[in-house]
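Taking it in order: structure first as structure tokens, then the write-up.
The values are calculated or read from the model by the stated rules, or taken from the named source; none is laboratory data. Owing to the predicted nature of the structure, the values given are computational and were not obtained by experimental measurement. All Cβ positions, glycine included, derive from the backbone under ideal geometry; neighbour counts span all protein chains shown.
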Amino acid sequence: MLSENIKAIRKSKGLSQQELAVKLNVVRQTVSKWEQGLSVPDSDMLIAISEVLETPVSTLLGETVIEPQADDIKAISAKLEVINLQLAKRKTARRKLIHWLLGALCIVVPVIFAILFLFESPYLQWDYRAPETAVLGVAFHSLEWLFVRVAPIILIGAIIGFFLTRKKE
């Protein structure tokens, strides 16, 4: 059982007998004897083998390790391919959504500027002695003041983002 496990785990890690022997500071024939069941490593060597193979000692001593079958690897590969395709589709859909949202923002900001320019802030002529119109007028004026200062930055960012998210061919 130990011999089979050492061999199976060594192969699954992609190591040759020579490479394992070098890492353990033993000769290749020693590794060969362990794998053939002609000899058994001592406890210190067993710990060293487990560290090199990155496997618990209990696994080395335990039940037979099953080598992955070629069919298992193909099935896993196929599943990973499907997952990668799904992730690629999501990424493309997300990029398209962001692209069109930024495009819409590039249109909405100038439209709002045009509306503010055409109406010339009608709430500035309101009677501010009435508490309702005073509070509302100040709120509208604050929003317009903030929009006029922040919108150019938003517009520039949206234009840059629109071109950066376009489909690259």
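General remarks:
- Meets criteria (touching a helix residue (DSSP H, G or I) at 6+ places or on another chain (Cβ under 8 Å) and modelled with pLDDT under 90) for residue 58: no
- For the stretch 91-111, a tally of residues being surrounded by 14 or more Cβ atoms within 10 Å (Cβ to Cβ), among the β-branched types (Val, Ile, Thr) and within 28 Å of residue 136 (Cβ to Cβ) returns 2.
- Selection within the stretch 62-79: residues that are among the aliphatic types (A, V, I, L, M) and closer than 23 Å to residue 8 by Cβ. The member of this set that is modelled with the lowest pLDDT is 65.
- Of the criteria (1) under 30 Å from residue 16 (Cβ atoms); (2) modelled with pLDDT under 80, which one residue 121 fails: (1)
- Any chance residue 74 is out of contact with any helix residue (DSSP H, G or I) (no Cβ under 6 Å at 6 or more places or on another chain) and among the basic types (Lys, Arg): yes
- Matching entry among 22, 26 (being of a type in the set (Val, Ile, Thr) and not in a helix (DSSP H, G or I)): 26
- Subset of the stretch 138-154 (residues that are of a type in the set (A, V, I, L, M, F, W, C) and in contact (Cβ under 8 Å) with a residue 12 or more places away in the chain): 140, 147, 148, 151, 154
- Any hit, the stretch 43-54, residues being farther than 30 Å from residue 166 by Cα, out of contact with any Asp or Glu (no Cβ under 8 Å at 6 or more places or on another chain) and part of a loop (DSSP other than H, G, I, E, B): yes
- Verdict on residue 156 being at pLDDT 85 or above and out of contact with any Gly (no Cβ under 7 Å at 6 or more places or on another chain): yes
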